[in-house]
1. Name the single residue, out of those in region 103-119 being touching a strand residue (DSSP E or B) at 6+ places or on another chain (Cβ under 8 Å) and assigned to a loop (DSSP other than H, G, I, E, B), that is nearest to L29 (Cα to Cα).
2. Checking K89 against (1) among the basic types (K, R); (2) touching a strand residue (DSSP E or B) at 6+ places or on another chain (Cβ under 8 Å); (3) part of a loop (DSSP other than H, G, I, E, B), which test does it fail?
3. List pairs: first residue in region 74-101 and touching a residue at least 12 places away in the same chain (Cβ under 8 Å) and within 22 Å of P64 (Cβ to Cβ), second residue surrounded by 14 or more Cβ atoms within 10 Å (Cβ to Cβ) and aromatic (F, W, Y) anywhere in the structure, Cβ distance under 7 angstrom, at least six positions apart or on different chains.
4. Only one residue in V43, V137 is touching a residue at least 60 places away in the same chain (Cβ under 8 Å), of a type in the set (V, I, T) and out of contact with any Lys or Arg (no Cβ under 8 Å at 6 or more places or on another chain), so which one is that?
5. Give region 120-144 a look and list any residue that's farther than 16 Å from V80 by Cα, aliphatic (A, V, I, L, M) and outside any loop (DSSP other than H, G, I, E, B), or say none.
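Please treat every number below as a calculation from the coordinates, not as lab data. Keep in mind the model is a prediction, meaning the values are calculated, not measured. Note: ideal-geometry Cβ built from the backbone for every residue, glycine included; neighbour counts use all protein chains shown.
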Amino acid sequence: MLRTLALAVAVLLLTATGAAAAGNATASLTSSSAARHAGLTLVLKPAVLRCGRPSARSLSITLPRSMHVPATIPRAAVSVGGRPVGAVKTDGTTIVLSLATPRIECDSIVIGALRVGLTRAAGLVNPARAGTYAFSVAASPRGTAWHGSLVVR
């Protein structure tokens, strides 16, 4: 019981400070060539994970304006933490992932890295010009944000 209480307090403190702080995000493209279809893997650090799952209900990924994001992305083309997502919506270059929130009876809460994967089937197309492009990811409801860049050659 004391361990559970201590973990809960630690998570509250971390999420309270995490709402104001930005984390680091790294990006890997399956093809870094300009104007090519590519899969994208993002690694978000630090992330609060409960039983290996993100504590957020959704993630909003804002990609560079010069990157093509299709009007729809199949759920099967996206994973978060190696698991399927509940839903995928797009709005311009923003992709909103609704995360499945199963009932979990677990006391494991850790700070770690969260991997977000979009396969080539997602239909993303790299910017037409070589360069370094900024992107961001925001978690809801806690407001944690991560920022990073991707390189197109």
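1. T119
2. Only one criterion is unmet by K89, namely (3).
3. Within 7 Å, no pair qualifies.
4. V137
5. V125, A134
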